[in-house]
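The structure appears right after this line, and notes come after that.
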Amino acid sequence: TESQSIEMDGGKQWIYDPFAKDLVANDFILTTDITWESTGGWAVCGFYFRSEPNFEEGEQYLFEMLRLSGLPGWDISLWEYGQLKKPITKVRTAGAIDQGQGATNHVLFIAEDGQFTLYINDERIGQFVDYTESRSDGYFAFDAWQESGKTTCTFDNTRVWLIDEE
């Protein structure tokens, strides 16, 4: 996809921006470069995957990287109706995440059935499983949230490869 930015100015904003709009993916590999800038204390950049068509009311998985006062955090969770339905991971830290203002983090994410493998800046972060396999396929959207101030999440060099199940 082309470069996409989500810009926020104000308190407690949550914005999503669909990409690969005609693609319904089950098993896939997704890579993207996420650049973040923020003036407030808590900002989040990430992406929805395997979402129902209605991103606001539907069910979807969410990967997020958190920028919070030097905490290089991330998590994977399942959402529905804009509410957390189930954490797949708790919020974890990864030294591979660059927290710097204007920093770019390269994310490689692999989803196969209920198994998710995550790499950040070429470091394998781990493999995580949703044993219920709550969502088997769906759409994609970039995601950003902030507590206050001004935040920009920019997504560059985004690619999605479908994994053939044969």
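The values are calculated or read from the model by the stated rules, or taken from the named source; none is laboratory data. Everything numeric in this text was worked out from a predicted model, so none of it was measured. Reconstructed Cβ throughout: ideal geometry from the backbone, glycine too, with neighbour counts over all protein chains shown. Surface accessibility is based on the protein's heavy atoms, side chains included, excluding ligands, DNA and RNA. Shrake-Rupley method; radii C 1.70, N 1.55, O 1.52, S 1.80 Å.
Key figures for this structure:
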quantity: Selected from LEU66, LEU108, LEU84 as most flexible by GNM, with the chain as the system and alpha-carbon contacts under 10 Å; calculated: LEU84
quantity: Ranking by accessible area, most exposed first, for ARG50, ARG159, ARG67 with a 1.4 Å probe; calculated: ARG159, ARG67, ARG50
quantity: Whole-number accessible area per residue in Å² for segment 33-166, which is evaluated in the context of all protein chains at 1.4 Å; calculated: 46 Å²
quantity: Whole-number percent relative contact order across the chain, with pairs defined as alpha carbons under 8 Å at least 6 apart; calculated: 42 percent
quantity: Label-point separation in nm, SER134 to LEU68, each point 7 Å along Cα→Cβ; calculated: 1.9 nm
quantity: Within the chain: Cβ-based charge dipole about Cα centre, in debye rounded to nearest 20 (Lys, Arg +1; Asp, Glu -1); calculated: 680 debye
quantity: Residue (of THR132, GLY41, GLY114) at the positive-pole extreme of the chain, dipole from beta-carbon charges; calculated: GLY41
quantity: The chain: most fluctuating residue of ASP33, ASP113, ASP22 per GNM, C-alpha cutoff 10 Å; calculated: ASP22
quantity: Carbon + sulfur, % of accessible area of segment 27-154 - ligands and nucleic acids excluded, 1.4 Å; calculated: 45 percent
quantity: Nitroxide proxy distance, nm - points 7 Å out along Cα→Cβ at ASP113 and VAL91; calculated: 3.2 nm
quantity: Listed residues ASP122, ASP75, ASP27, most fluctuating in the chain (Gaussian network, C-alpha, under 10 Å); calculated: ASP122
quantity: Using θ = phi - 60° and Karplus 6.51 cos²θ - 1.76 cosθ + 1.60, couplings along segment 33-42 (whole Hz; Gly, Pro as x); calculated: 9, 10, 10, 10, 9, 8, 9, x, x, 10
quantity: Segment 1-96: C-alpha gyration tensor shape, a/c 1.5 cut-off, then a/b vs b/c; calculated: rounded
quantity: Two-site label geometry, GLU2 and GLU52: point separation in nm, points 7 Å out along Cα→Cβ; calculated: 3.2 nm
quantity: Computed log₁₀ I(q)/I(0) - Debye formula, equal Cα scatterers, no solvent, the chain, q 0.11, 0.15, 0.16, 0.17 Å⁻¹; calculated: -0.39, -0.76, -0.88, -1.01
quantity: Residue-wise HN-Hα coupling along segment 147-158, computed from phi with Karplus coefficients 6.51, -1.76, 1.60 (Hz; x: Gly, Pro); calculated: 7, 6, x, 10, 9, 10, 10, 10, 10, 10, 6, 7
